[in-house]
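The values are calculated or read from the model by the stated rules, or taken from the named source; none is laboratory data. Note that this is a predicted model, so its numbers are computed, not measured. Every residue, glycine among them, receives a Cβ derived from its backbone with ideal geometry; neighbour counts consider all protein chains shown. Note: accessible area is taken over every heavy atom of the protein model, side chains too, but ligands, DNA and RNA are not part of it. Shrake-Rupley method; radii C 1.70, N 1.55, O 1.52, S 1.80 Å.
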Amino acid sequence: MGISYHGGVLKALDLLGLTPGTSDVIVGTSAGALVAAYLGAGYPADAFFEYSHGRRDAVTPSAESGSDGPLFTPMWKSRPELMRRAVGSVVAVASASGHWPSALDGRLPRARLEALFPFGMYSIEDTKNRLEQDLPDAWPRDDLLICTADLRSGQRRAFNSSDGPGVSFIDAVLASVAIPGFFPPVAIGERCYVDSGIVSATSLDLAVAAGCEAILCIVPLGYRPDEVVTKRDPKVWPAMILRTYFTRLLDRALEDARARGVQVLVVEPSLAELKAHGANSMRAHDYAGVAEAACEGTLKLLEEHDGHPALAGLQRSALNAEV
């Protein structure tokens, strides 16, 4: 879902002749990291919109392949292995969020625990293979930040070209989409990394720290009120509850950014769009519908904020220009 939502937002920018790939800094987290990686590597801004409609095979990460096969490839072959991986997934989430059960360290070494209860329910190999086909192994630009979280400490780690040849661009992107507990962690050097969305869904503070004066922040896991649906509608309650944690993190980051004088324009789904998104962002969605709604909603939002510094900072170009 996150990829299709980004695709719709980027399509709206593209229709207005704005090229997000020309931003001074691009920060990507989770699904946003995948999109940021393709933009940074020179893919057109509407690539994921076209993909969501099945009209282009430029990007097909396994999580949203749209094939007739299983959406995800299970890593277990028996019920006992399923149960062990389920336990490992709980431990992985706790560890990645900085809540490793320290009481276990003295009784059961981490390596032993991880061997007994493997981390990850579904394979990430298909995504890795696709990234290797589509993206360069070397970093395509210096001002691209790919956010991950250290599995064992829960500390966020943003990789970029300054990390040197020892850090593969593809491995960093793969780690950023490795949802803890759902996918296995990705080894980079002597550490293992996972999706840092559990730490921050946007990593907005990193763009602020990089010296950005105006920021366009795309937040699939946020929501904004509209004139069609109200918060009293029970059909949007599950999706709103799911987003509560992420919206609180965003609110804190926005407060800090604006206190520093940074102009931030947040693009997030309307309450009406939440009905289509649902509470389970990993299920098979109507990707085309999500992308279309995101494009339409973003066009309206950008019209309301015409002249915002975050938009003025994007290079104007011809319609459907490629980055």
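Taking (1) touching a strand residue (DSSP E or B) at 6+ places or on another chain (Cβ under 6 Å); (2) modelled with pLDDT under 90 in turn, Gly106 satisfies each apart from (1). The number of residues in region 255-266 that are without any contact (Cβ under 8 Å) to a residue 60 or more places away in the chain and open to solvent by less than 20 Å² (accessible area, probe 1.4 Å) comes to 3. Applying the selection to region 121-152, what residues are part of a loop (DSSP other than H, G, I, E, B), at pLDDT 90 or above and either of a type in the set (Asp, Glu) or at positive phi (or both)? Listed by number, the residues that qualify are Asp142, Asp143. When we screen Ala210, Ala214, Ala257, Ala272 for residues that are over 30 Å from Val167 (Cβ atoms) and hydrophobic (A, V, I, L, M, F, W, C), the only hit is Ala272. Pick from region 132-154 the residues that are in contact with a Ser or Thr (Cβ under 9 Å, 6 or more places away or on another chain) and polar (S, T, N, Q): which of them is most open to solvent (accessible area, probe 1.4 Å)? Filtering region 132-154 for residues that are in contact with a Ser or Thr (Cβ under 9 Å, 6 or more places away or on another chain) and polar (S, T, N, Q), the one most open to solvent (accessible area, probe 1.4 Å) comes out as Ser153. Taking the criterion of being touching a residue at least 24 places away in the same chain (Cβ under 8 Å) and out of contact with any helix residue (DSSP H, G or I) (no Cβ under 9 Å at 6 or more places or on another chain), the residues of region 179-210 that qualify are Arg191, Leu206, Ala210.
Within region 292-307, not a single residue is buried (at least 21 other Cβ atoms within 10 Å of the Cβ), assigned to a helix (DSSP H, G or I) and among the acidic types (Asp, Glu).
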